[in-house]
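A short reminder: the numbers here are calculations on the coordinates, not readings from a lab. These figures come from a predicted structure and were not determined experimentally. With ideal geometry, Cβ positions are generated from the backbone for all residues, glycine too; neighbour counts draw on all protein chains shown.
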């Protein structure tokens, strides 16, 4: 099977590696991509333009920032792609439905849970739709575990709904923890909060430090994901305001892209100073 991956970022490169390990030919489009992407894609077939990749590929897997998912699908459609299109992005079911309608019958919805898949047992890609089982079979024996959601357990965008529900908590609670620290920092009571945590929630200060280091380099991507989650909540008749707040917090941390802060306190300074510059 000739499969194109859009694009070989941190997650996309690991998806491509699992495809290679399963015996498939994997390609990518180098137009507009960074030197880091080129390095990650060293073992893949390189195509200078998207239409070149589309002509070669029998299937495409989209793994890109959530805010770019619909735009990426339109670009593929404009190249008259007629193969199987797998959207594995962190997007709301409504966005996934729009992409499904754009791509037609040969569409598979996907959602990835876990870190880039370089170790077995860490990462799963859930798939839904008529061709989900077909795509899952491509990854048999790979590091990335791929699970086709039975059609009786959800509609064609069930994988996106699952991803939204999972990330609503996993990334939402991380934003809440950082926001609580920022509120205390802004109010001058951070040391008092830490003292209280030591008494009643003794792991919270350590978790705050770990969250700051783990989340901030990826926050630039999480902002768009929180917006998608907010839309999913709204479409389900629930309030999306909490995750709009999380989107705002992650957007403020975009300066730490690929570079964690020196400490939690320096991250909190950025959050608080950002607000002060708006007034």
note = extent check for the chain: Cα max minus min per principal axis, descending, whole Å, gives 60, 42, 38
task = Indicate, rounded to the nearest 5 percent, the antiparallel portion of the DSSP beta bridges found entirely in the stretch 1-129.
result = 25
request  = Would you mind ranking 7, 173 by Cβ crowding within 10 Å, fewest neighbours first?
outcome  = 173, 7
note = Compactness check, the stretch 3-129: C-alpha Rg relative to the 2.2 N^0.38 Å globular estimate gives 0.97
request  = For the chain, give the share of DSSP beta bridges that are antiparallel, in percent and rounded to the nearest 5; count only bridges with both residues there.
outcome  = 20
query = For the stretch 113-219, what is the Kirkwood estimate of the hydrodynamic radius, computed as the reciprocal of the mean inverse distance between distinct Cα atoms, to one decimal in Å?
reply = 16.6
task = Quick one: angle between helix 10-21 and the longest Cα principal axis of the chain, in degrees between 0 and 90, rounded to 10, please.
result = 40
note = Fewest-first ordering of 169, 250 by Cβ atoms within 10 Å yields 169, 250
query = Over the Cα atoms of the stretch 171-277, Rg to Rh with Kirkwood Rh, two decimal places?
reply = 0.99
query = Using alpha carbons only, what's the Rg to Rh ratio of the stretch 79-163 with Rh from Kirkwood?
reply = 0.96
